[in-house]
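Chemist: I am attaching a structure below and will ask some questions about it afterwards.
The values are calculated or read from the model by the stated rules, or taken from the named source; none is laboratory data. For clarity, every value in this text was computed on a predicted model and none was experimentally measured. Virtual Cβ from ideal backbone geometry, glycine too; neighbours counted across all protein chains shown. The area values use the complete protein model at the heavy-atom level, side chains included, leaving out ligands, DNA and RNA. Shrake-Rupley method; radii C 1.70, N 1.55, O 1.52, S 1.80 Å.
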Amino acid sequence: MAATTPNTPDRWSLASWFSGFGKPDYTDFKATLARDIETMKARTGALGADTAQIAKTIHDIEALSDRLGHLSAYLGCLSADDANNEAVKADEAWLSTLEAESTKLMASLRSTLAALSDDAFASMLAEPLLKNATHAVKRLRYEGQHQMSAEMESLAADLNVNGLHAWGRLYDTLTGKMEFQMTFPDGHKETVPMSRRRALMSEPDRQVREAAFHDGQKPWNDHATTLAAALNGIAGTRHSLYGRRNIPHFLDTPLFDGGMSRQSLDAMLEAIHANIELPRRALRKAAKLQGTSALHYFDLEAPQIAAPEEKPLDWDEACKTVDQAFSAAYPKLGAYFREMLSNRWIEAQPRAGKRPGAFCTGSQFKHEERVYMTFHETVHDMVTLAHEVGHAWHSCVLRPARSFAANYPMTLAETASNFGEMILLSGLMNDPGITEATKAYLLDQEMLRAHAYLINIPMRYEFEKAFYTERAAGEVSVSRLSELMSQAQRQMYGDTLLPDGTDPMFWAYKMHFFISGISFYNFPYVFGYLLSQALFARFKAEGPSFLPRYEAFLSMTGSATCEEVVKQTLGEDLTRPEFWATAVKAMEPSLIAYEAIK
């Protein structure tokens, strides 16, 4: 099919952040930021017990962090947009050094906060400069109570530049350049960028996705030793640091980062395992529709009911559909989406050299958001667009808040993104002109999402938990990583996968396992999906009057724990499995309708 130019922009612009990479405003920003971080380090290192001075320093560090985050987001966008840009990679490496200096600065601040008496700390929190920053500053003090000496933290920050984060950069660089030779069902061969593989494995034609799966495995197998070294390096570094910081368990840090308790995590997983047959029923129906006894891993993201008219979904039509769904249910979200398109804040153009995946980022310094993805003319991609715009809207709602009250955990971030997805799918399903064929197709899409969140992502958690447990005793080999992955898949999928239907190399190509800045990048997605089910149920019951409460929920996410936010806005207790079980069972009406499809 010949390429066409969309009427709706599918290339983002970063011009409002900097006039261009390497331009004077960019280089000046870098130089000033580096100088100010050095100045702040000296100032922080000399802090005593003067609570007013400490409060002033925290306030100034907050502003400095905004600038650092702005530069990091800019380079992250450029790097994802063109994985082959060596100059950008070099500046990312330089930025890692700068971030290490900022880490030292923050470590010094945390130590100062940890050393304060309870009375002095309470006095400091009352300072006007720290208004609405109480939650964030309390978290800083807690971290200070679980960190090494200043000298050791400084050394760790330096070593992470060429260790922990270097492994992550290696993964991004290596995978961004990956491509593979694919033999299509008609016999023709094509060199395919790895970023396209996932879309090919979502194709309705099973022969296409089977070819993409098997041909696309070769680069991952070829680089398995390198990728295993990266994964072991990342996990091993974390284990070493956890031990030095007196952090008892490898889940303690991701739970703290997620702003939730182990009790809430365990309650959520208990509810999923107790109700696992619900999403498994969806997979069994998918296999029946496909005409096989069970599914292969390459079938899991593929529609089993073809889209009506069986034609590709172009970018213009996808944006129009998302706009209509958002605007009908949530006019402010629709208006924001149109603003993003108009301002060219969304990158979706398919082309070689782009990094795989999708994300939302932004700059609190500029109060702007950006969405990155690659659109391959599928409904799956349209849902991804709604998901990422949900993230962006969350950040937009928090623009009036100070930065310390706008940094929300991933658990609550995923709630907003899933809420955006649900608005889109609900809008499509409630269209009065919908045909039975379209309704069946959308039910299939809804079931794809449900089993992804209730089986696939918990599977990733089970793999990562098993891997980190074994990594504590030494490096884990390529063969053992693949074995652990297959075991996790069998545990969660049960008999819904064919005997030879697992994907042992999933550990290698799932980018989230290699993000060096955060560990266990999986259970927050499940948390967000199920919490969004609860929020959306309230929305359906209360109608538009719920939306101010939803925005209040979003506004609180940087100022309290997950348990506190949910208790205050929904009146629910996240440590009760019954709450989560109700959210899991929310899929049942759609599942019954899906199972009735002939």
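Chemist: Defining a contact as two alpha carbons under 8 Å apart and six or more residues distant in sequence, what relative contact order in percent does the stretch 75-145 show?
Modeler: Value for the stretch 75-145: 33 percent.
Chemist: What's the Kirkwood radius of the stretch 465-578 in Å, using all Cα pairs?
Modeler: 17.4
Chemist: Return the calculated 222 nm mean residue ellipticity for the chain, to the nearest 500 deg cm²/dmol, obtained by summing -39500 (n - 2.57) across DSSP H runs with n ≥ 4 and dividing by the residue count.
Modeler: Helix-only estimate at 222 nm: -20500 deg cm²/dmol.
Chemist: Quick one: pull the percent of accessible area on the chain belonging to carbon and sulfur, 1.4 Å probe, ligands and nucleic acids left out.
Modeler: Numbers: 12610 of 24170 Å².
Roughly 52 percent of what the probe reaches on the chain is carbon or sulfur.
Chemist: Going by the alpha-carbon gyration tensor, a ≥ b ≥ c the square roots of its eigenvalues, is the stretch 397-466 rounded (a/c under 1.5) or, if a/c is not under 1.5, prolate (a/b greater than b/c) versus oblate?
Modeler: oblate
Chemist: If you average the alpha carbon positions of the stretch 201-230 and of the stretch 69-126, how far apart do those two centres end up, in angstrom?
Modeler: Centre-to-centre distance over Cα atoms comes out at 35 Å.
Chemist: Quick one: angle between helix 277-290 and the longest Cα principal axis of the chain, in degrees between 0 and 90, rounded to 10, please.
Modeler: Around 40 degrees separate the two axes.
Chemist: Report, in degrees rounded to the nearest 10, the 0 to 90 angle that the Cα long axis of helix 379-397 makes with the longest principal axis of the chain.
Modeler: Value to nearest ten degrees: 30.
Chemist: With a 1.4 Å probe and every protein chain left in place, tell me how much accessible area D222 has, in Å² to the nearest 10.
Modeler: Surface open to solvent at D222 totals about 100 Å².
Chemist: For D500 and E564 in one chain, what is 0.36 nm times their gap in residues minus the Cα-Cα distance, to one decimal in nm?
Modeler: 18.6 nm
Chemist: Shape of the stretch 297-428 from its Cα gyration tensor (a ≥ b ≥ c, root eigenvalues): rounded if a/c is under 1.5, otherwise prolate when a/b > b/c, or oblate?
Modeler: In terms of gyration-tensor shape, prolate.
Chemist: Considering Cα pairs under 8 angstrom that are at least six residues apart, work out the relative contact order of the stretch 456-517 and quote it in whole percent.
Modeler: 36
Chemist: By the gyration tensor of its Cα atoms, with a ≥ b ≥ c the square roots of the eigenvalues, what is the shape of the stretch 384-525: rounded for a/c under 1.5, prolate for a/b over b/c, or oblate?
Modeler: oblate
Chemist: Would you kindly calculate the translational diffusion coefficient of the chain, applying Stokes-Einstein with the Kirkwood radius from alpha carbon pairs, for 25 °C and a viscosity of 0.890 mPa s, and quote it in µm² s⁻¹ without decimals?
Modeler: Taking Rh from Cα pairs, D becomes 97 µm²/s.
Chemist: Which of the lysines could a cross-linker span from K23 if the Cα-Cα distance has to be under 24 Å and same-chain partners fewer than 8 positions apart are dropped?
Modeler: K89, K354, K366
Chemist: In terms of modelled amide H atoms, which long-range or inter-chain residues lie less than 5 Å from the amide H of L295?
Modeler: HN-HN under 5 Å from L295: L497, L498.
Chemist: Moving to a separate point now. Of all DSSP beta bridges in the chain, what percent run antiparallel (nearest 5)?
Modeler: Percent antiparallel among DSSP bridges in the chain is about 75.
Chemist: Accessible area per residue, 1.4 Å probe, Å², for the stretch 79-155: what's the number?
Modeler: Accessible area per residue: 46 Å².
Chemist: With a 10 Å radius around each residue's Cβ, average the other Cβ atoms per peptide and rank 223-233, 279-289, highest first.
Modeler: Details: 223-233: 18.5, 279-289: 20.3.
Per-residue mean Cβ counts within 10 Å order the peptides as 279-289, 223-233.
Chemist: Next question, about the same structure. Could you tell me the calculated FRET efficiency between A120 and E190, based on Cβ-Cβ distance and R0 = 51 angstrom, to the nearest 0.05?
Modeler: 0.15
Chemist: Mind checking the per residue accessible area of the stretch 421-472 for me, 1.4 Å probe, whole number of Å²?
Modeler: Per residue, the stretch 421-472 has an accessible area of 33 Å².
Chemist: Let me ask another. Could you tell me what a quarter of the Cα convex hull surface of the stretch 304-372 works out to, in nm² with one decimal place?
Modeler: Working: hull surface 27.3 nm².
Its average projected convex-hull area is 6.8 nm².
Chemist: Angle, helix 224-244 long axis vs. longest principal axis of the chain, Cα atoms, 0 to 90°, nearest 10?
Modeler: 40
Chemist: So which of K177/K311; K138/K332; K56/K104 end up more than 28 Å apart, counting from Cα to Cα? Walk me through the intermediate numbers first.
Modeler: Details: K177/K311 30 Å; K138/K332 33 Å; K56/K104 18 Å.
Over 28 Å Cα-Cα: K177/K311; K138/K332.
Chemist: Ratio to report: Rg/Rh of the stretch 213-372, with Cα atoms as the point set and Rh obtained by the Kirkwood method; give two decimals. List each step's numbers first, then the result.
Modeler: On the way: Rg = 21.9 Å, Rh = 21.4 Å.
Expressed as Rg/Rh, it is 1.02.
Chemist: Right, another one. Based on the alpha carbon coordinates of the stretch 1-125, what radius of gyration and maximum Cα-Cα distance (Dmax) apply, in Å?
Modeler: When restricted to Cα atoms, the stretch 1-125 yields Rg and Dmax of 19.5, 70 Å.
Chemist: When only the heavy atoms of the protein chains count and the probe is 1.4 Å, how do K465, K23 rank by accessible area, highest first?
Modeler: K23, K465
Chemist: Which of the trypsin sites (Lys or Arg not before Pro) found in the stretch 217-267 are loop residues per DSSP with 10 or fewer other Cβ atoms within 10 Å of their Cβ?
Modeler: Working: sites: R238, R244, R245, R262; in loops: R245.
Passing sites in the stretch 217-267 do not exist.
Chemist: What FRET efficiency, computed as 1/(1 + (r/R0)^6) with R0 = 51 Å and r the Cβ-Cβ distance, is obtained for A229 and A541, rounded to the nearest 0.05?
Modeler: E(calc), rounded to 0.05, equals 0.50.
Chemist: Would you kindly calculate the mean projected area, averaged across all directions, of the convex hull enclosing the Cα atoms of the stretch 216-310, in square nanometres?
Modeler: 10.6
Chemist: So if R0 is 41 Å, what FRET efficiency would T435 and R576 give, r being the distance between their Cβ atoms, rounded to the nearest 0.05?
Modeler: That pair, T435 with R576, gives E of 0.50.
Chemist: Please report the equivalent ellipsoid semi-axes of the stretch 158-286, computed as sqrt(5 x eigenvalue) of the Cα gyration tensor, largest first, in whole Å.
Modeler: Here the semi-axes work out to 35, 27, 10 Å.
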